[in-house]
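Bear in mind these aren't lab numbers, they're just calculated from the coordinates by the rules spelled out. Here the structure is a predicted model, which is why all the values come from computation and not from measurement. Because the Cβ atoms are built from the backbone with ideal geometry, glycine has one as well, and the counts that use them run over all protein chains shown.
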Amino acid sequence: MPKIPKVILLIEASRTCGRGLLLGIAKYSRLHGPWAFYRRPLFYLHPDRRKKALSLLKNSDADGIIMDKAYFSDTEIDRAIISMGLPAISTAIEAQIPGLANILTDNVRIARMAAEHLLERGFRHFAYCGFDDIFWSKERSEVFAKRVAQAGFRTSFYKQPKSRVKRLWENEQNLVAEWLKSLPKPVGLMACNDDRGQEVIEACNIAGLHVPDEVAIVGVDDDRLICGLTDPSLSSIPLNFERAGYEAAELLDKLMAGEKLADHNIIIRPTHIVSRQSTDILAIDDREVAAAVHFIRQHASQEIHVGDVVNAVTLSRRVLEKRFRRILGRSVHEEIRRVRVGQVARMLVETNLSVSRIALALGYPGVDHIARYFRREKEMSLLAYRKKYGGK
């Protein structure tokens, strides 16, 4: 009878990230296992969680480990794993951990997607609110500001106080509120994650600022509980945690089989934007252009043409095109294509529908037509996009 691998899971499961990783790991185990899992519910909340984690590592006869460094950030644990020669995969909260395989987030794509989401809504003022001492938050802030600068605008940053006491939310919320009041309006703001997004919305309420009319906010992770608890609901960027969990388990299986895969990394990628009330606004002063953009979004699931958009406003085609390019930097046709391709991308990620069924649902005349449009906009094929960002 073949040996069943024993795997330690030190992953906190109360949040979207941990749950997604665990779902992916469980899926791999069902398809390619079975595996036996060591998991101590709630021990990560124990004040001596480091000791308990070390005890679990040293006293078990596990074959491998997948751990969340956000909850076990301790070099002694890293050294113990490496010295034991235990095949291990870890989420990297600051940078890659030498000697271990790492799970990393694609912060560049995440931040660019957030910036483009706000730029598409016509904002000219931008802000970022994150955590100053966390690597992934700092990287997202830099990329967000760079993308905004490429569009010709600047980003305002919230700077946290040095004092840990002042960083407690009951103390910090008034500081964030004052910072928000000082920003030019309307402003499009990226929060480093959904937790920070929820706090920014709370600070807006304290400051008497309206969301999204004065401050539009997008978060990261698409934790549906957090996004739904905010008022108004928070727009967010989902990350494919489940796929990353599956790929991490696949990699761990190879490591436990004796394969040498030094410095191999798993990348958690963003998939799309889930637009909710917190960014449900067009920050466009030109009413006719705003009406045209609204018409395109309302009819994105239909085959529409520039003439249809012109008929929905009171401007001539020439004048509408001129204003469109001045305000949004693209033509009416380019906006139709961009929004329509966005619909295709969402369906590729969120559904298992075939490309031909997606083409039919969105009114494309055929697969070749949708494929040509998609490649021009996304610079990859339909199937490549689904493989990269869809479920495993």
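Given a Förster distance of 22 angstrom, what is the FRET efficiency for MET84 paired with GLU250, based on the Cβ-Cβ distance and rounded to 0.05? After rounding, the FRET efficiency stands at 0.50. The long axis of helix 287-298 is offset from the longest Cα principal axis of the chain by roughly 50 degrees. Think of the chain as a dipole: +1 on every Lys or Arg Cβ, -1 on every Asp or Glu Cβ, centred on the Cα centre; then among SER331, LEU282, PRO161, SER331 lies furthest on the positive end. Once the Cα-Cα distance is subtracted from the 0.36 nm per residue extended length, the LEU225 to ARG297 segment shows a gain of 23.3 nm.
Ranking request for peptides 331-337, 159-165: highest mean number of other beta-carbon atoms within 10 Å first, then the rest in descending order. Don't skip to the end; give the middle numbers.
On the way: 331-337: 17.7, 159-165: 10.4.
My ranking of the peptides, most packed first, is 331-337, 159-165.
Kirkwood radius and radius of gyration were both taken over the C-alpha atoms of the chain, and their ratio Rg/Rh is 1.02. Potential lengthening of the chain between GLU334 and ASP132 amounts to 69.0 nm, from the contour at 0.36 nm per residue minus the alpha-carbon distance. Between helix 169-182 and the chain there is an angle of about 20 degrees, using the helix long axis and the longest principal axis of the Cα atoms.
Measuring nothing but alpha carbons in the range 280-374 and taking Rh as the Kirkwood radius, the Rg to Rh ratio lands at 1.01.
The stretch between GLN150 and SER182 holds 9.1 nm of extra length on full extension. This uses 0.36 nm per residue minus the Cα-Cα distance. Helix 367-378 axis versus longest C-alpha principal axis of the chain: approximately 80°, rounded to the nearest ten.
Which entries of LYS260/LYS378; LYS138/LYS166; LYS138/LYS260; LYS322/LYS378 have Cα-Cα distances beyond 30 Å here?
From LYS260/LYS378; LYS138/LYS166; LYS138/LYS260; LYS322/LYS378, over 30 Å: LYS260/LYS378; LYS138/LYS260.
A dipole drawn for the range 219-346 from +1 and -1 charges on Cβ atoms has a positive end, and of GLY258, HIS305, HIS294 the residue lying farthest that way is HIS305.
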